[in-house]
Amino acid sequence: MRRAFRFVGILCVAFGMLFFLQGAGVVHWPASSFMLDQRIWMVWGAVIALFGAMLMLWSRRR
């Protein structure tokens, strides 16, 4: 179960960082994404990445 939580945490961090970078306008992939240069996606990306990091830390402590 710990591996599953760690894997989900890693995925959340990766997707959160992708959302954050798309919202910041750094990553323009895919080119037709509705998240490009939208500041709200920076917030959501940070929240998702933080949740993933907390999930990974929690899985190590159990």
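The values are calculated or read from the model by the stated rules, or taken from the named source; none is laboratory data. Keep in mind the model is a prediction, meaning the values are calculated, not measured. Only protein heavy atoms, including side chains, enter the accessible area calculation; ligands, DNA and RNA are left aside. Shrake-Rupley method; radii C 1.70, N 1.55, O 1.52, S 1.80 Å.
The Cα trace of segment 1-47 gives Rg and Dmax of 12.1, 37 Å, the first to one decimal, the second as a whole number. Exposure check, 1.4 Å probe, all protein chains in place: MET35 carries approximately 20 Å² of accessible surface. Summary value for the chain: 47 percent relative contact order, contacts being C-alpha pairs under 8 angstrom separated by 6+ residues.
Per residue, segment 16-62 exposes an accessible area of 72 Å² to a 1.4 Å probe, with every protein chain left in place. Expressed as a whole percent, the accessible surface of the chain that belongs to carbon and sulfur atoms is 72, based on a 1.4 Å probe.
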